[in-house]
1. Label-point separation (nm) for Q171 and V43, each offset 7 Å from Cα along Cα-to-Cβ?
2. Modelled label-to-label distance, I83 and N99, 7 Å Cα→beta-carbon offset: nm?
3. Could you tell me which of rounded, prolate or oblate describes the range 59-180, using a ≥ b ≥ c as the square roots of the eigenvalues of the alpha-carbon gyration tensor, with rounded for a/c under 1.5 and, failing that, prolate when a/b is larger than b/c and oblate otherwise?
4. Can you give me the distance in nm between label points at D157 and L144, each placed 7 Å from the Cα along the Cα-to-Cβ direction?
5. At a 10 Å Cβ-Cβ cut-off, how would you order I83, I127, I59, fewest neighbours first?
6. For the ranges 142-152, 85-95, 43-53, 67-77, what's the packing order if you count other beta-carbon atoms within 10 Å of each residue, average per peptide, and put the highest first?
7. Run the numbers for L179 and K119: contour at 0.36 nm per residue of separation, minus the present Cα-Cα distance, in nm.
Amino acid sequence: MQPNDVPVSPPRRRWALGALAATALGAGIGASWWRNRPAQEAVPAGVWTRQWTSPQGPIFGMQRFQGHPLLVNFWATWCPPCIEELPLIEAFYLQNKANGWQVLGLAVDKPERVQSFLKTSPLSFAIGMAGLDGTELSRELGNLTGSLPFTVVFSGDGQIAQRKLGRITQQDLDQWRGLR
């Protein structure tokens, strides 16, 4: 012990450790809220004018999805959580397309890999070959790290209603189903 060191009494130590724990808990809650927060920012310019090539070759535009609620999922064949959530997204689409819901999977991957994957695991919803443009679009939509999977939900009026970085759950889809 140095001459100027003041011993910390056990109650002060407990108080300091409690304050540290409360700060860490608050930071964790804040980070979780930030990752899953409802979006309040405007949709970046040019989102609805983008075009994508389907794995089969034809080009389609984002404008075809306007006017209905839309779930956009950024994924890749090399991303295990992406592959794990695709059956949930497929079931969501099949259960809700009659209610106006649309789903777009934007593959941040090579076309050959996506084509091969879709032969063994076909999907009913639209798939766009996004490549590096998909990474940039996901950043514009709030995925600052460019990580996968990343999902954005647009309301029927074209505004961002929800975002989620990481694997989605059935609970997420049930919550989003109510958005219009």
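Every number here is computed from the coordinates shown, using simple stated rules; none is lab data. Note that the structure is a prediction, hence the values are computed from the model and not measured. Neighbour counts are summed over all protein chains in view; Cβ atoms, including those assigned to glycine, are modelled from backbone coordinates with ideal geometry.
1. Inter-label distance under the simple model: 2.9 nm.
2. Distance between label points: 3.1 nm.
3. In terms of gyration-tensor shape, rounded.
4. Taking the two extended label points, one gets 2.7 nm.
5. Numbers: I83 16, I127 23, I59 10.
Ascending Cβ contact count within 10 Å gives the list I59, I83, I127.
6. Numbers: 142-152: 19.3, 85-95: 17.1, 43-53: 13.7, 67-77: 22.1.
Packing proxy ranking, top to bottom: 67-77, 142-152, 85-95, 43-53.
7. Working: separation 60, 0.36 × 60 = 21.60 nm, distance 3.21 nm.
Additional length available on full extension: 18.4 nm.
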